[in-house]
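One structure is given below, encoded as structure tokens.
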Amino acid sequence: MKRIISARDAAKLVKSGASIMIGGFLDCGVPDKIIGELLCQEVNNLTIICNDTSYPDKDKGKLIDTDKVKKVITSHIGTNPITGKKMMNKEIEVEIVPMGTLVEKIRAQGAGLGGILTPTGVGTILEEGKKTYVVNGKKYIFEEPLGADIAFIYGTKADKYGNISYMGTTRNFNQTMATAADVVVVQADEIVECLDPNEVIIPGVFVDYIVEREGD
């Protein structure tokens, strides 16, 4: 049985300077209640790893706006002008990683791999400062695996053993991030006694804590 905790207690697991993976695609499949509680904590200098920085007034965007984040590793920031403004003013470091490369770097960490080879970015600024290899006449960039101190992910349903199921596209980055952090917390819309094995997308072995989403 996994420990069921409040969103506030989940947020308290984060210390200043920590690296955090946050699941979701914009505001789809995001652990919003946990992020809301994180905004209330006295933490800063965070590194967040996420597909995007959402919108200025939502979840990940609020973390950017309240100056809690020193670095973002993400695939795009176009929906949040505050991220771009802070980047241009050198108030925040932004590392842009192509979406497919980002998820593969995270997957490599979860799988215990030493990295990946990708053709994405060859001949562009993404290649600068990185090792390259030629395989069967084709050039690839070597990308290191990417992990985090903690991952906050979303689940449509979780059972008391930590198994998680998803509805539609809400699984997005959540599934891969569950494998790649030292501590994994799932915010679930519903907690049930035991999921049907055929529903399970993320096995409970990857999950440390469960938060049940309550309220609006």
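Starting from residues that are acidic (D, E) and under 16 Å from the mean Cα position of the chain (by Cα), keep the ones in the stretch 142-192 and report whichever is least open to solvent (accessible area, probe 1.4 Å). I'd like the intermediate steps shown before the answer.
Start the filter on the stretch 142-192 by keeping residues that are acidic (D, E), which leaves 143-144, 149, 159, 182, 189-190.
From what's left, under 16 Å from the mean Cα position of the chain (by Cα): 149, 182.
Values: D149: 72, D182: 118 Å².
Here the answer is D149.
Considering only residues that are within 28 Å of L26 (Cα to Cα) and open to solvent by less than 60 Å² (accessible area, probe 1.4 Å), which ones fall in the stretch 120-141? Steps first, answer last, please.
Quick first cut of the stretch 120-141, residues within 28 Å of L26 (Cα to Cα) only: 120-122, 124-127, 141.
G121, V122, L126, E127, I141 - these are the residues of the stretch 120-141 that are within 28 Å of L26 (Cα to Cα) and open to solvent by less than 60 Å² (accessible area, probe 1.4 Å).
Quick one: which helices (runs of 4 or more DSSP H) lie wholly within the stretch 3-94 and hold at least 2 residues that are touching a Pro at 6+ places or on another chain (Cβ under 9 Å) and surrounded by fewer than 23 Cβ atoms within 10 Å (Cβ to Cβ)?
On the way: elements: 7-11, 32-38, 59-65, 81-88.
Ranges flagged: 59-65, 81-88.
Within the stretch 67-109, count every residue that is under 23 Å from Q41 (Cα atoms) and in contact with a Leu (Cβ under 6 Å, 6 or more places away or on another chain).
The qualifying residues number 2.
Within the stretch 147-190, can you find the residues that are part of a strand (DSSP E or B), without any contact (Cβ under 8 Å) to a residue 40 or more places away in the chain and under 15 Å from V205 (Cα atoms)?
So in the stretch 147-190, the residues part of a strand (DSSP E or B) come out as 148-159, 164-165, 181-190.
Narrowing further to those that are without any contact (Cβ under 8 Å) to a residue 40 or more places away in the chain: 156, 165, 182, 184, 188-190.
Within the stretch 147-190, S165, D182, V184 qualify.
Any residue that is more than 25 Å from L13 (Cα to Cα), part of a helix (DSSP H, G or I) and at pLDDT below 95 - is there at least one of those in the stretch 103-126?
Yes - at least one qualifying residue is present in the stretch 103-126.
Would you tally the residues in the stretch 193-214 being out of contact with any strand residue (DSSP E or B) (no Cβ under 6 Å at 6 or more places or on another chain) and open to solvent by less than 10 Å² (accessible area, probe 1.4 Å)?
Summing the residues that are out of contact with any strand residue (DSSP E or B) (no Cβ under 6 Å at 6 or more places or on another chain) and open to solvent by less than 10 Å² (accessible area, probe 1.4 Å) in the stretch 193-214 gives 1.
The values are calculated or read from the model by the stated rules, or taken from the named source; none is laboratory data. Everything quoted here is computed from the prediction, not taken from an experiment. Note: ideal-geometry Cβ built from the backbone for every residue, glycine included; neighbour counts use all protein chains shown. For the accessible areas, the whole protein counts, side chains as well, though only heavy atoms, and no ligand, DNA or RNA atoms are used. Shrake-Rupley method; radii C 1.70, N 1.55, O 1.52, S 1.80 Å.
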